[in-house]
Structures are given as structure tokens and as C-alpha cells.
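> So that we are looking at the same thing, I have put the structure below in C-alpha cells.
The values are calculated or read from the model by the stated rules, or taken from the named source; none is laboratory data. Predicted, not measured: the structure shown is a model, and the values here were computed from it. Here the Cβ positions follow ideal geometry from the backbone for every residue, glycine too, while neighbour counts run over all protein chains shown. When the accessible area is computed, the model is the full protein with side chains, heavy atoms only, and any ligands, DNA or RNA have been set aside. Shrake-Rupley method; radii C 1.70, N 1.55, O 1.52, S 1.80 Å.
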Amino acid sequence: MAVRRDWKRIGMWLVVATMAYNAVEALIAIWSGARAESIALLGFGLDSIIELAAASVLLWRLRVEVAGAGGDAVERAERRVLRFVGGTFVALALYVPWQASWTLWQREAPDESMVGIVLAAASLVVMPLVSWGKLRAAREIGSEALRAEAKETLACSYLSFTLLLGLVANAWAGWWWADPAAALLMVPWLIREGIEGLRGGD
């Protein structure tokens, strides 16, 4: 029982760490994305905001359990979090292809963004470590909501990789289309995770 309580608290602290990192990540990504007119960076920043919102709701769910709430209350909180996380994925999956397609249609070439490249590289290192920790905590306490949010954090790693490819290709090879193309590569993952989250909340 003591071990389970420890993992609940570990899960909470990992969620708090995710929130802090995502807040900084969102500010840098949106600022640098606006300056460079990069849809991939802007989409990445919006994803960070969504992850921050999802982590905030999940933190509430974990606090419900740590406070000693009964099984029914925890289960209701779990379903609400799953639906919220799924909805945030769907919202981003709708925005990214629309904006990326418009950028391709208008042939709007983004500027180089070294800040964005450094941010994407840092997130590619940080996010998998945090995600693996949360997946372990989710397994120990049996929380599908924490598992879903951990997978959203893992999605940030995938998005970081595609973002890094797009930014580097644009900066060093002059492939302006690589930026919106990188954004479009994010969409299948977003849709799949959104559907899974919404179904899990039923």
C-alpha cells in the first residue's frame, strides 16, 4: 500500500514537471514561430498549451485519488480526464492540417529559427524521459488517464523530431515546404490518440 501511495506522488510530481516544462516550451515555440512565420513551430507551441491543459486536469484527478477518494469518484475523474485529453488531441489535429495546407497553398516560406531548432532538440531529450516515468507510474497505480497523458507527452517527442527535421531542412537546405510538411506528419498521431482518449472516456 505504501508503494502504491509513493507511485501516486511520483506521478503527481512528474505531471507538475511536465506542466512547468510545457509552459516554458509553449512560450518559446509560439514566440519563435511567430517571428519565423513557422506553422510547425506554432503547432508545436499550441500542442504544448494543450499538454499543459491536459496535465492540469490530470493533476486534479491524481489529487482526488491521493486524497483518499472512493473508487467511484476516482473512476469518474478518470473518465473525464480521458475525454478531455482525447478532445485536446482532436482540436490540434483539426488546426494543424488546415494551417499547414494554407501555408503550402500560399507558398509562404518561413524564416530560419535557431531558437526553434535548439528547443526541438531539447524537447527530444527531455520528453521521452518524463513520459517513461509517467508510464511506469501509470502502470503501478493502474491509471489509464495518466497513461493517456504520458502518451501525449511521448507525442511531444515525436513532434519534436518532425519539427527538428523541418526546421533544419528549411535552415540548411532551403526547403521551405519542409516546415508545413513536418506539421502534417504530426496529424496521424494526433488523430489516433484523440480517438483513443474519447473512446476511453465512455
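> Select from segment 27-65 the residues that are out of contact with any Asp or Glu (no Cβ under 6 Å at 6 or more places or on another chain), closer than 22 Å to A169 by Cα and small (G, A, S) and list them in ascending order.
Selection gives A29, S32, G33, A34, G43, G45.
> May I ask you to say which residue of G43, G68 is modelled with pLDDT under 85 and buried (at least 24 other Cβ atoms within 10 Å of the Cβ)?
Answer to the selection: G43.
> Taking segment 186-197 as the search range and keeping residues that are at pLDDT 80 or above and in contact with a Gly (Cβ under 9 Å, 6 or more places away or on another chain), which one is most open to solvent (accessible area, probe 1.4 Å)?
I195
> Among the numbered criteria (1) touching a residue at least 24 places away in the same chain (Cβ under 8 Å); (2) in contact with a helix residue (DSSP H, G or I) (Cβ under 7 Å, 6 or more places away or on another chain); (3) loosely packed, with under 15 Cβ neighbours inside 10 Å; (4) in a helix (DSSP H, G or I), which single criterion is violated by I49?
(3)
> Could you identify the single residue in E112, E149 that is among the acidic types (D, E) and assigned to a helix (DSSP H, G or I)?
E149
> Would segment 104-113 turn up any residue that is free of Cβ contacts under 8 Å to residues at least 24 places away in the same chain and of a type in the set (A, V, I, L, M)?
Taking every residue of segment 104-113 in turn, none turns out to be free of Cβ contacts under 8 Å to residues at least 24 places away in the same chain and of a type in the set (A, V, I, L, M).
> Evaluate segment 79-95: report whether one residue or more is in contact with a Pro (Cβ under 7 Å, 6 or more places away or on another chain), surrounded by fewer than 18 Cβ atoms within 10 Å (Cβ to Cβ) and at pLDDT below 80.
Taking every residue of segment 79-95 in turn, none turns out to be in contact with a Pro (Cβ under 7 Å, 6 or more places away or on another chain), surrounded by fewer than 18 Cβ atoms within 10 Å (Cβ to Cβ) and at pLDDT below 80.
> Residue pairs, Cβ under 9 Å, 6 or more apart or interchain, first in segment 140-151 and in contact (Cβ under 8 Å) with a residue 60 or more places away in the chain, second assigned to a helix (DSSP H, G or I) and hydroxyl-bearing (S, T, Y). List them.
Sorted first by the residue in segment 140-151, then by its partner, the pairs are E149/T18.
> Could you please let me know if V187 is of a type in the set (V, I, T), more than 30 Å from V81 (Cβ to Cβ) and in contact (Cβ under 8 Å) with a residue 40 or more places away in the chain?
Answer is no for this residue.
> Would it be correct to say that A91 is without any contact (Cβ under 8 Å) to a residue 24 or more places away in the chain and within 13 Å of the chain's Cα centre (by Cα)?
no
> Sticking with this structure for a sec: So which residues in segment 126-165 are open to solvent by 40 Å² or more (accessible area, probe 1.4 Å) and of a type in the set (G, A, S), if there are any at all?
Scanning segment 126-165 gives a single hit, G142.
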